[in-house]
Amino acid sequence: MSLLKMIAKSTAFATVLGLSGWIGYDLTRPPYDGAVGITYGSAYAPIRGSDVDFNIWYPAVPGGKSVTVGGNGVFYGTPAGRDAPRQDGRFPMIVISHGSGGNAGQFGWIASELAQAGYVVVLPNHPGTTTGNASAKAAVRVWERPADVSAVLDEITANAGVYPYIDADRISILGFSAGGYTAMATSGARVDPALLQSFCDDSDHGMSDCAFLAHFGIDLHAFDLTPAAQDLRDPRIKTALIIDPGIVETLTVESLEQIDIPMLIINLGDEDEIPVGVHARNAADAIPNATYLIINDATHFSFLARCKPKGAQILINEGELDPLCDDAGGRARSDIHDALSSQIVTYLHEHL
């Protein structure tokens with residue numbers, strides 16, 4: 001059973017426990033005394049024909065109930081105040097797009113840092129590529145994820161009375177892995193469908209994506225991938241931050257050259273160790289206003305939440321293909337997170 005199935009099974013079991021038990025547990029939670037609040041929303045996504053759920057982290061004052069967001073048997077969660085009172089003012093908004101098979105809760109570590117730095121952070125769960133709701137066929141339809149982001153922005157910008165604390169004129173996007181592609185697409189990058197269709201023909205690009213697709217019998221040549229070529233840019237996004245972007249090799253140089261917003265692109269790991277499938281130096285060189293950085297002694301999965309002591313063994317026991325708990329060079333994941341957070345917050349302060 002994969003990690004995704006394991007988490008889905010755990011979620012289902014929690015649901016069986018019953019609503020009354022959950023309410024009783026919620027009432028016993030201690031009051032929150034920190035500066036980071038969390039609440040939840042949803043947006044209708046036309047491309048889905050259904051809603052996209054999202055988390056909202058925001059600058060808060062003490063109040064609400066103490067919760068831990070995103071924790072499970074493998075990963076540590078992040079503390080926050082559920083429905084804690086908001087700090088006064090309007091704050092810039094950062095949309096965070098998770099990787100394929102991931103979820104919004106995994107990024108509490110950076111959402112909390114951003115909220116403390118004065119940003120509202122909105123994290124959608126992308127249907128079809130999120131924990132407990134993922135499939136290989138959905139992963140192929142890469143153009144749906146940027147449309148999710150635009151749907152969330154539609155919801156927030158059309159309902160200023162519901163979100164009075166969000167400055168809708170100052171919006172950025174931060175994406176990790178498949179979310180990195182998503183952030184690039186909403187900034188104007190476009191996919192060459194022919195390159196996407198042949199993506200798994202001759203190489204695995206140093207990643208497990210093609211093995212994942214093959215395991216589920218997916219032949220990219222059997223899909224109509226022409227929708228991936230469409231312009232998915234959302235002009236409300238004023239700057240973008242990209243971490244190890246997926247399918248970066250399939251993006252057209254022409255579209256990259258036309259991106260006109262500031263963009264920070266970060267690769268994780270020593271230069272000669274970065275998987276070619278996410279190596280973004282060439283893409284950064286083509287983007288007029290891009291800044292490119294490398295964070296050494298890391299791996300592609302260092303952007304995930306910190307793993308618990310038994311997390312790696314749980315993943316092995318469950319047959320997970322990727323070493324989600326491994327980092328490089330003996331550097332602690334918390335140190336890598338600190339380096340990422342510092343670069344991200346500094347860039348946003350300067351460009352948003």
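The values are calculated or read from the model by the stated rules, or taken from the named source; none is laboratory data. Quantities reported herein were computed from a predicted structural model and do not represent experimental measurements. Note: ideal-geometry Cβ built from the backbone for every residue, glycine included; neighbour counts use all protein chains shown. With ligands, DNA and RNA removed, areas are computed over all heavy atoms of the protein, side chains included. Shrake-Rupley method; radii C 1.70, N 1.55, O 1.52, S 1.80 Å.
Taking every DSSP beta bridge with both residues inside the range 67-182, roughly what % is antiparallel (nearest 5)?
30
After finding the eigenvalues of the alpha carbon gyration tensor for the range 199-284, what semi-axes result from the square roots of 5 times each, listed largest first in whole Å?
25, 19, 10
Indicate, rounded to the nearest 5 percent, the antiparallel portion of the DSSP beta bridges found entirely in the chain.
Of those bridges, close to 45 percent are antiparallel.
Can you compute 3J(HN,Hα) from phi for each residue in the range 255-268, using the Karplus curve 6.51 cos²θ - 1.76 cosθ + 1.60 with θ = phi - 60°, rounded to whole Hz and x for Gly and Pro?
Rounded to whole hertz, the list is 5, 5, 5, 9, 5, 10, 10, x, 9, 9, 10, 10, 9, 9.
Spin-label point model (7 Å from Cα, Cβ direction): what's the residue 50 to residue 68 distance in nm?
Modelled inter-label distance: 3.0 nm.
Going by Cα centres, the range 90-150 and the range 282-323 are how many Å apart?
16
Below 14 Å, Cα to Cα, which aspartates and glutamates can residue 238 reach? Residues fewer than 8 away in the same chain don't count.
167, 169, 260, 350
Positive end of the dipole of the chain, charges at C-beta (+1 Lys, Arg; -1 Asp, Glu), about the Cα centre: which of 184, 264, 98 has its Cα farthest in that direction?
In the chain, that residue is 98.
Skip the ligands, DNA and RNA, and give the accessible area per residue of the range 140-282 with a 1.4 Å probe, whole Å².
Each residue of the range 140-282 exposes 38 Å² on average to a 1.4 Å probe.
Full extension from residue 222 to residue 349: what is 0.36 nm times the residue separation minus their Cα-Cα distance, to one decimal in nm?
41.2 nm
Take the Cα coordinates of the range 76-164, assign each an equal point scatterer, and use the Debye formula without solvent to give log10 I(q)/I(0) at q = 0.15 Å⁻¹.
Computed log10 I(q)/I(0) values: -0.66.
Hey, any idea what Rg/Rh is for the chain, computing Rh the Kirkwood way over Cα pairs?
0.94
Determine the share of the range 41-81's accessible area contributed by carbon and sulfur atoms, expressed in whole percent, with a 1.4 angstrom probe.
Summing carbon and sulfur atoms, their accessible area is 53 percent of the total for the range 41-81.
Once the mean 1/r over all distinct Cα pairs of the range 26-66 is inverted, what Kirkwood radius in angstroms do you read off?
12.0
How large is the Kirkwood hydrodynamic radius of the range 137-251, in angstrom, based on all distinct alpha carbon pairs?
For the range 137-251, inverting the mean 1/r across all distinct Cα pairs yields 15.2 Å.
Dividing the Cα radius of gyration by the Kirkwood radius, what Rg/Rh value follows for the range 285-324?
1.20
Helix-only estimate, please: 222 nm mean residue ellipticity of the chain, summing -39500 (n - 2.57) across DSSP H runs of length 4 or more and dividing by its residues, to the nearest 500.
Estimated from H runs of four or more residues: -9000 deg cm²/dmol.
Can you list the aspartates and glutamates whose alpha carbon is less than 15 Å from that of residue 137, not counting same-chain residues fewer than 8 positions off?
209, 219, 224
Could you work out what % of the accessible surface of the range 250-352 is carbon and sulfur, using a 1.4 angstrom probe and leaving DNA, RNA and ligands out of the count?
46
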